[in-house]
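Data first, discussion second: the structure below is written as structure tokens.
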């Protein structure tokens, strides 16, 4: 991973990478980011690929989910860029795309779950926050009146 962005004085919200899982997550995450008024948003959908095992979802279904996710973000950020990554290591893919788009920060919204679910998923949030080479912004959960 590159470290050029960590030594500069660029604005935190200059170019935010926004990883999303599906259409509902994308819409909710975009709304959580909106009050912070980022200059540029790049939406990322990571399709989890198996190595030597069948993929969790057919490729066409994964592409459809990605397109729906991108459209949901564009409801809030009409000029958002988008990209899809195919990887087994979701967090690694997020970091790679962050480098590729020269993201100033990665913004995400936790997907919840109990400790068992976090353990089974490898606690992606913990990996994202502790291994990043750029700022990671944990967006608040929407309030009930949103």
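Quick one: order 91, 20, 59 by neighbouring beta-carbon count within 10 Å, fewest to most.
Ascending number of Cβ neighbours within 10 Å: 59, 91, 20.
Give the calculated FRET efficiency between residue 11 and residue 133 to the nearest 0.05, with a Förster radius of 22 Å applied to their Cβ-Cβ distance.
0.80
Could you give the length gained on full extension between residue 37 and residue 86, defined as 0.36 nm per residue of separation minus the Cα-Cα distance, in nm?
Between residue 37 and residue 86, full extension yields an extra 14.8 nm.
Please work out the Cα center distance from the range 17-48 to the range 86-105, rounded to the nearest Å.
Using only Cα atoms, the two centres lie 14 Å from each other.
Throughout, read-outs are computed from the coordinates displayed, never taken from laboratory work. Given the structure is predicted, the values throughout are model-derived calculations rather than measurements. Don't worry about glycine lacking a Cβ; one is built from the backbone with ideal geometry, like all the others, and counts go over all protein chains shown.
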